[in-house]
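Below is one structure, written out as C-alpha cells; comments come after it.
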Number of protein chains: 2
Amino acid sequence: MHTALVIEDVRLTPILVSDPPLLNTQGVHQPYTPRLIVEVVTRGGTTGVGETYGDGAYVEPARSLAEALPGRAVTDLNGLFALAEGVCGDVRAADGGGDAGADDRVDAGGLRGVRNAEKIRLSVASAFEVACLDALGKAVGLPVHALLGGKVRDSVEYSAYLFHRWAAHPGPGEADDWGQALDPAGVVAQARRFADTYGFGSFKLKGGVFEPDREIAAIRALAEAFPGRPLRLDPNGAWSVPTSLYVADQLKDALEYLEDPTSGTDGMAAVSAGTDVPLATNMCVTTLAEVPEAFARDAVQIVLSDHHYWGGLTRTRELAGICRTFGVGLSMHSNTHLGISLAAMTHVAATVPELAYACDSHYPWQTEDVITERHTFTGGRLTVSDAPGLGVALDRDRLAALHRRWLEDDGTYRERDDAAAMRAADPGWATPAVPRW
Amino acid sequence: MHTALVIEDVRLTPILVSDPPLLNTQGVHQPYTPRLIVEVVTRGGTTGVGETYGDGAYVEPARSLAEALPGRAVTDLNGLFALAEGVCGDVRAADGGGDAGADDRVDAGGLRGVRNAEKIRLSVASAFEVACLDALGKAVGLPVHALLGGKVRDSVEYSAYLFHRWAAHPGPGEADDWGQALDPAGVVAQARRFADTYGFGSFKLKGGVFEPDREIAAIRALAEAFPGRPLRLDPNGAWSVPTSLYVADQLKDALEYLEDPTSGTDGMAAVSAGTDVPLATNMCVTTLAEVPEAFARDAVQIVLSDHHYWGGLTRTRELAGICRTFGVGLSMHSNTHLGISLAAMTHVAATVPELAYACDSHYPWQTEDVITERHTFTGGRLTVSDAPGLGVALDRDRLAALHRRWLEDDGTYRERDDAAAMRAADPGWATPAVPRW
C-alpha cells in the first residue's frame, strides 16, 4: 500500500452554524445548530474532509475513531466500520431519547427515524468515509464519483425545501430577509423566490406544523402557482393513518409523493395499502435492519437515503442496489448540512443510475459554510465536480470562527433540540405526541 | 478526467482451455472449454485484463461492447452496464437453450441457473469491469481490493472441489494423473490429494451424477476420513423435493450445507422448510430479479455469488450488501475459470466482511492458464495480492497458443455442452430431465 495514503492525523472540529427559524412538528430549528467537521491527513500530506451531525452523541465516538485511525490507509473503507464498532464503545442515544440499545427506538416524533447505537456509529463513520474518499481522490487525481464507479449524469437535480417559518428567531440568532411563511400565500412566495433564484423545478413542503387542512391548502396553492411541477409534503410522521389517508386523498392529483405521513412500519403499510400516492421515507427505513419488513409489506415506495445515516457513500450505493432489487425508488434526504456534505451527496447521487427524483437539500437555508466556494444551484441542479476528491476546499478562517462559537456556547445549542428552541417562544411547549392529528 | 485513463483499445481473445473429464448431472466436461480473455488498453498505455465465459453467446455481445468502449474512461464502471444494454443488442441464450427473452429459463438442468439476455450481458460486462479495475489499479498504483474499499482479510479460503471423474476423456484431450473417481474410495483419495497438496480444509462434492445413496456414501466416507471438516454436496438441482429431504436427513450431521438439491424456487423453498441443513445456491438465485421471492420464502440460506453472473466485482459487493440486509449468507461459486478470474474472485472476496464460507474454485483442475505465475493455494487459502491492479500478468505466448486452439477448432468445443461431451462416450446420452431422482 502507498505509504502516502496512510493516515497520519485526524482533526475534529465541532462547530455551530446559524440556522433560520424553520418550523417542524417537533418545534423550530435552533438559531445555531451543531455540526462536526472531520479532516483526515495522510502521510503524503493530503487532507480529506467530511461532515456529520455535531451533537455530543456523535462527537464523543468520533473522538475515539479519530484516535484509532492513524496508521490505517484511506483506502481501508471496509475496515472502517468494524473499527468504529470496536472503538466507539458505548455510544449513547442522541437527541435526548432513551438508551442506545441495538433495537431501541426514540420517540416516534424524532425527525431522524430509529436511533440506535449502530446508526449513530454509521453516522459518525460516514464523515470519516467521505474524508477518506476525498483524500484518496486528491491523492490519485480522481473525483470522488470516479472512486464510486463514475458519474452517470453531469448534474444532480435538487428540489426546493419549503418551510413554514418565522421572520426571525425569538431570541439570539442571525437575521435574514426571507420573512415569515405561515400560510399558503407565504409558502408560495417562498417557493417563488426559490424558483427564481435557483431554478428549482420541484418543491417539498415540511409539514406536520399546522392542522392538515392548512397544509393541504398550502400544497394546493403551490399546485396552482406551479402547475405540473412535482410537489411533496412531509409531516415527519405526525399524522394518524386515517388523517394520512385523508390528506393523500385530498392531494392525490397534486403530490409526486407523500413523505412519512405517519410513524412506524405498521402505520406506513396501512397508509400505503389505502392510497395510490407513493410514500417516501427517511424515518420508517433508515437502517438496513428496517428494510426487509418495510419492503415485504410495501410500506414505502421511495427511500430517501441520507449518507450520514447509512454510513457513507459506498453504503448509500449498496442501498441503491437493494432498492433496485426490490423495485423501490431512491432519492435523498437532507438534514441541516453544509457544503462538504452537499458535495458528497452530489457525487454519490451522480453515480446512481436509478435516482429518479430530485434530491432534498436544506443548503439554500444555510448562509454560513466552511468551504471557500459555496455551491450554486442553477436550473435547480448542481454540476458534478470533476476536480480531484470532493472538489471543495476548507475555509479555515470560517471554520475557526464557527468553532469559536461552539467553544463559547454555554451548552444551549450544542445538542440540537427543536422542542427546546420552541420553548424560547412558547414556554409551555412540549414535544408533541404522535399522531398529532 | 485523466486522459491517461481513457480507453484506447480493447482486445478480445477467445480461447479453448483443457479441462479434465469431470462428471456432473448433465454429462461430462468437454476436453476443451471456451473462455474469453478481455484486455482494455488505456491511452496511458496501461493494460487491464478480464475473463468470462467464451461461448458464442458471450463472444458476440463482447465484440459489440469492445467496439463501443474506446473513448470512455476505465473509471466509468456505472456507465458500462447501460452501454452494454445499448450495444449488445439481441443477445441470444447460451448453452443451446431457448430464446433470450427477459424472463426465459433454460432447462432446469442447466448448470448456471436462469439464462436470459440481461444475465448474459452482465456476464460479458463483468470481464470488462474487471479489466477496467485492473487497469485503473495499475494506473494509480492500487490493488483492486483497495478500489473496492479495501481488504478485510489478508487471505481468502477456498474449498476443495471434488468430482466424480474418469481417468481420461474417451476421445481427444490432455492427460492427467488423477485417475478415475467413481466411488466413495475414489472421492476420498481425490480429497486426500487436494488436502495434501493445497491444504484445503473443506470439501465440496459435485453430485447429481450417481443415484443419491451412492453420493450419500461418498459424503459419509469423506466425513469419516476428514472428521469435523466442512462438507458440501451439490447435485445441480437433480433431485426431487422428497429425494432432497431424504439426502438432507441422511447427511444432516455431516453437511455444512446442501447446494441446489432441487430446481426452482418452489422446490428449494419446500426443501428448506423441511430440513435444518442450510441450502446454498448458484442456480436458484443468480440474478437480482430472483432475490425477492427466494429471500421472502427462505428458499436459500447462502448465495454462492459468481462475479461473472452478477456483473463484476462492484455488483458482487452489492449482492453482499443485500445478503447482509436479509440475513442470508454469502460465498462464491465457480465455473471452469483461469487465473484472471481467480484473482478477481480473491480481491472481491477479501473485501466482503460477511463472507463466512470457503469459496469454490475449479482452478486446481485447470492445468493451463494465461497468466505468467499461477496462483498457489497454501493451507487452502490464497494470499490477497497488494500489487497494483489484480496482480497478474498475461503470458502472451500461452494466450496465443490457446487462441490458436480455438481458431483451429472445427466447432466441436467452442460451445460448452457437457451432454454432447458425454455422447462421445455414450452415444445414446440425452440431457437428463429433472428431477432425475
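The values are calculated or read from the model by the stated rules, or taken from the named source; none is laboratory data. All of these numbers come straight from a predicted model, not from anything done at the bench. Here the Cβ is made from the backbone with ideal geometry for all residues, glycine too, and neighbour counts use every protein chain on show.
When each of B:A393, B:A424, B:A350 is tested for being among the small types (G, A, S) and crowded, with 21+ Cβ neighbours inside 10 Å, the lone residue that passes is B:A350.
Checking the structure you have, find out if any residue of segment A:269-285 is under 20 Å from B:D298 (Cβ atoms) and buried (at least 19 other Cβ atoms within 10 Å of the Cβ).
no
When you check B:L233 against the structure, is it crowded, with 24+ Cβ neighbours inside 10 Å, within 27 Å of B:G339 (Cα to Cα), free of Cβ contacts under 8 Å to residues at least 60 places away in the same chain and not aromatic (F, W, Y), yes or no? Yes; evaluated as a whole, the condition is true for this residue. Looking across segment A:179-206, the residues that are in contact with a helix residue (DSSP H, G or I) (Cβ under 7 Å, 6 or more places away or on another chain) and crowded, with 17+ Cβ neighbours inside 10 Å come down to A:A181, A:P184, A:V187, A:V188, A:A191, A:F194, A:Y198, A:F200, A:F203, A:L205. When A:A358 is tested against (1) crowded, with 23+ Cβ neighbours inside 10 Å; (2) within 30 Å of B:A146 (Cβ to Cβ); (3) away from every other protein chain (no Cβ under 14 Å), exactly one condition is not met: (2).
Of the residues that make up segment B:383-392, is at least one part of a helix (DSSP H, G or I), outside the structural domain of B:S18 (by TED's automatic domain parsing) and either out of contact with any helix residue (DSSP H, G or I) (no Cβ under 9 Å at 6 or more places or on another chain) or modelled with pLDDT of 95 or more (or both)?
From segment B:383-392, those part of a helix (DSSP H, G or I) are none; that's our starting set.
There is no residue in segment B:383-392 that is part of a helix (DSSP H, G or I), outside the structural domain of B:S18 (by TED's automatic domain parsing) and either out of contact with any helix residue (DSSP H, G or I) (no Cβ under 9 Å at 6 or more places or on another chain) or modelled with pLDDT of 95 or more (or both).
Would you check if there is a residue in segment A:336-344 being of a type in the set (V, I, T), in contact (Cβ under 8 Å) with a residue 24 or more places away in the chain and more than 11 Å from every other protein chain (Cβ to nearest Cβ)?
Step one: filter segment A:336-344 for residues of a type in the set (V, I, T), giving A:336, A:340.
Okay, now just the ones that are also in contact (Cβ under 8 Å) with a residue 24 or more places away in the chain, so A:336, A:340.
Retained after the next criterion (residues that are more than 11 Å from every other protein chain (Cβ to nearest Cβ)): A:336, A:340.
Yes; the residues of segment A:336-344 include at least one that is of a type in the set (V, I, T), in contact (Cβ under 8 Å) with a residue 24 or more places away in the chain and more than 11 Å from every other protein chain (Cβ to nearest Cβ).
For segment A:130-146, a residue qualifies if it is touching a strand residue (DSSP E or B) at 6+ places or on another chain (Cβ under 9 Å), facing chain B (nearest Cβ under 9 Å) and within 24 Å of A:R35 (Cβ to Cβ), and the qualifying residues are A:L136, A:P143.
Here is a check on your reading of the model: is A:T286 part of a helix (DSSP H, G or I), of a type in the set (S, T, N, Q) and within 14 Å of chain B (Cβ to nearest Cβ)? It is false that A:T286 is part of a helix (DSSP H, G or I), of a type in the set (S, T, N, Q) and within 14 Å of chain B (Cβ to nearest Cβ). Restricting attention to segment A:76-85, does a residue exist that is in contact with a strand residue (DSSP E or B) (Cβ under 6 Å, 6 or more places away or on another chain), crowded, with 18+ Cβ neighbours inside 10 Å and assigned to a helix (DSSP H, G or I)? Looking through segment A:76-85, none of the residues is in contact with a strand residue (DSSP E or B) (Cβ under 6 Å, 6 or more places away or on another chain), crowded, with 18+ Cβ neighbours inside 10 Å and assigned to a helix (DSSP H, G or I). B:R404 passes every criterion in (1) of a type outside the set (G, A, S); (2) under 18 Å from B:Y58 (Cα atoms); (3) without any contact (Cβ under 8 Å) to a residue 24 or more places away in the chain apart from (2).
From the list B:V140, B:V156, the one residue that fits, being farther than 25 Å from B:D234 by Cβ and crowded, with 20+ Cβ neighbours inside 10 Å, is B:V140.
The condition of being at pLDDT 95 or above and either part of a loop (DSSP other than H, G, I, E, B) or assigned by TED's automatic domain parsing to the domain that holds A:G137 (or both) holds for A:D298.
Name the residue that is nearest to B:W365 (Cα to Cα), counting only residues in segment B:315-327 that are in contact with a helix residue (DSSP H, G or I) (Cβ under 6 Å, 6 or more places away or on another chain) and facing chain A (nearest Cβ under 10 Å). Only one residue fits best here, namely B:L319.
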